[in-house]
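The values are calculated or read from the model by the stated rules, or taken from the named source; none is laboratory data. Note that the structure is predicted; figures quoted are calculated from it, not measured. When we count neighbours, we look across all protein chains shown, and the Cβ atoms used for this are built from the backbone with ideal geometry, even at glycine. We work out accessible area using only protein heavy atoms, side chains counted, and drop any ligands, DNA or RNA first. Shrake-Rupley method; radii C 1.70, N 1.55, O 1.52, S 1.80 Å.
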Amino acid sequence: MDLKLQVHEDKKYQKVDRSNQDLSSKEFIDCQFENCNFTNSKLNNTEFSDCTFINCEFQENRLEHTSFKGAK
């Protein structure tokens, strides 16, 4: 996952560990996340549109102004 990009579209991520990282102000559109770890990540102002999450970890996250539109 290239964190320098602001917009991520139609990507598939598997076994990505982004625990304890800042993913704020990113946009993910029609992406699939499988076995990914977002524990204790900062996701402020991040938008997930039409994304699929399979066996992903979200614990102790910062989610101010974060949206999950059409997420499964």
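Structure above, values below:
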read-out: Accessible area per residue in Å² at 1.4 Å probe, computed on the chain; value: 62 Å²
read-out: Computed over the chain: relative contact order in percent, which uses C-alpha pairs under 8 Å that are six or more apart; value: 28 percent
read-out: Distant-in-sequence amide H partners of Gln32 (H built 1.01 Å from N, under 5 Å); value: Lys11, Lys12, Tyr13, Thr52
read-out: The chain, dipole about Cα centre (Lys/Arg Cβ +1, Asp/Glu Cβ -1), debye to the nearest 20; value: 80 debye
read-out: Full-extension gain in nm, Lys69 to Ser49, via 0.36 nm per residue minus C-alpha separation; value: 6.7 nm
read-out: Kirkwood Rh in Å, taken over the chain so that all alpha-carbon pairs contribute; value: 11.8 Å
